[in-house]
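Chemist: Structure below; questions to follow.
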Amino acid sequence: MPAIRSDEATVHELHGVRFVSYAHPATGSRELAAWRGEIPAHTPGQAHTITREEILHILEGTLRFTLDGEVHDLTAGDVLVANAGSTLRVDNLSDAPARIWTATSLGLEAVMADGTRIRPPWANSPQPS
């Protein structure tokens, strides 16, 4: 299924953020996962260490990324490259919602500050319904 229409995307909610998943094995991707993140205004992020590289492209709004302790305030059109093993936090400090497009390789895990491992369903192999 090389074309995924917007109404075919799978929606997940976590930590106050809406993840709209497009590319994963159930939609035909063999190596990559890609999704749109919708982050409401004034949403604090959760620091987590990523096990796969992520490319995050800001589609709309302004976001504060903290990557390995370094702060980056980015706006629409900007891109952040977060390498595997990096600790990442994404905060929306603004009065407006923000949207990002993220791509990674399949199998991504997020290791939270308390050691909890999250295997996001939008970055793994959901079963076709």
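The values are calculated or read from the model by the stated rules, or taken from the named source; none is laboratory data. Since we're looking at a predicted model, the values are computed, not measured. Every residue, glycine as well, gets a Cβ built from its backbone with ideal geometry; the counts of neighbours run over all protein chains shown. Surface areas here come from the heavy atoms of the whole protein model, side chains and all, with no ligands, DNA or RNA. Shrake-Rupley method; radii C 1.70, N 1.55, O 1.52, S 1.80 Å.
Chemist: Restricting attention to segment 16-35, and to residues there that are open to solvent by 40 Å² or more (accessible area, probe 1.4 Å) and either touching a helix residue (DSSP H, G or I) at 6+ places or on another chain (Cβ under 8 Å) or part of a loop (DSSP other than H, G, I, E, B) (or both), which single residue is farthest from L67 (Cα to Cα)?
Modeler: G28
Chemist: Determine, yes or no, whether D73 is touching a Pro at 6+ places or on another chain (Cβ under 6 Å), within 19 Å of V17 (Cα to Cα) and at pLDDT 95 or above. Write out each step before concluding.
Modeler: Working: touching a Pro at 6+ places or on another chain (Cβ under 6 Å): no; within 19 Å of V17 (Cα to Cα): yes; at pLDDT 95 or above: yes.
Against the criterion (touching a Pro at 6+ places or on another chain (Cβ under 6 Å), within 19 Å of V17 (Cα to Cα) and at pLDDT 95 or above), D73 does not qualify.
Chemist: How many residues does segment 1-15 contain that are out of contact with any Ser or Thr (no Cβ under 6 Å at 6 or more places or on another chain) and farther than 17 Å from P121 by Cα?
Modeler: Selection size over segment 1-15: 5.
Chemist: Any idea which residue in segment 110-129 is farthest from the chain's Cα centre (by Cα), counting only those that are charged (D, E, K, R) and modelled with pLDDT of 95 or more?
Modeler: Here is the first cut: in segment 110-129, the residues charged (D, E, K, R) are 114, 117, 119.
Filter once more, so that each one left must be modelled with pLDDT of 95 or more: 114, 117.
On the way: D114: 20, R117: 15 Å.
Filtering first and then ranking leaves D114.
Chemist: Sticking with this structure for a sec: Kindly establish whether S86 is at pLDDT below 95 and among the hydroxyl-bearing types (S, T, Y).
Modeler: Judged against the criteria, S86 is not a match.
Chemist: Please pick out the residue among E54, E38, E13 that is acidic (D, E), within 26 Å of T116 (Cβ to Cβ) and open to solvent by 60 Å² or more (accessible area, probe 1.4 Å).
Modeler: Being acidic (D, E), within 26 Å of T116 (Cβ to Cβ) and open to solvent by 60 Å² or more (accessible area, probe 1.4 Å) holds for just one of E54, E38, E13, which is E13.
Chemist: Okay, next question. Among the residues in segment 76-89, are any open to solvent by less than 40 Å² (accessible area, probe 1.4 Å), more than 12 Å from the chain's Cα centre (by Cα) and either more than 21 Å from T116 (Cβ to Cβ) or touching a residue at least 60 places away in the same chain (Cβ under 8 Å) (or both)?
Modeler: no
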